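Where a number appears in this text, it was derived from the coordinates with a stated rule and is not lab data. Everything numeric here is computed off the predicted structure, so don't read it as measured data. Here the Cβ is made from the backbone with ideal geometry for all residues, glycine too, and neighbour counts use every protein chain on show.
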Amino acid sequence: MVIDEVRRVVGDALQLGARAQALQPSTQLLGAIPELDSMAVVSVITALEEHFGISVADDEIGAATFATLGSLSAFVEQKLDA
């Protein structure tokens with residue numbers, strides 16, 4: 001499932017270790033995970049692009065995309081369907 005892959009990519013990019021397994025679709029990301037600062041967002045986007053073979057334009061990313069693991073996964077699914 002895409003959400004499982006997104007969880008793994010986010011966990012790896014943020015070096016969350018075992019904490020990544022606790023991430024659920026409703027898990028808040030921005031403001032809730034200390035490792036996810038503005039620089040880390042860029043790392044996560046790059047990792048998602050590489051893992052899924054997608055391209056993300058700067059104007060496609062907003063705070064709502066990174067609100068929860070579920071919203072980030074939905075964004076990736078949308079990119080894969082495009």
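Odds and ends about this structure:
- Selected residue [without any contact (Cβ under 8 Å) to a residue 12 or more places away in the chain and aliphatic (A, V, I, L, M)] from V2, V42: V42
- When region 31-82 is filtered for residues that are among the β-branched types (V, I, T), farther than 16 Å from D12 by Cβ and part of a loop (DSSP other than H, G, I, E, B), the ones remaining, listed by number, are I54, V56, I61, T65.
- Filtered residue count, region 41-82, keeping only those that are crowded, with 17+ Cβ neighbours inside 10 Å, of a type outside the set (S, T, Y) and over 15 Å from I3 (Cα atoms): 1
- Lone unmet requirement of (1) under 22 Å from R19 (Cβ atoms); (2) of a type outside the set (K, R); (3) without any contact (Cβ under 8 Å) to a residue 60 or more places away in the chain for G70: (3)
- The residues of region 9-30 that are of a type outside the set (A, V, I, L, M, F, W, C), in a loop (DSSP other than H, G, I, E, B) and touching a helix residue (DSSP H, G or I) at 6+ places or on another chain (Cβ under 9 Å), listed by number, are Q24, P25, S26, T27.
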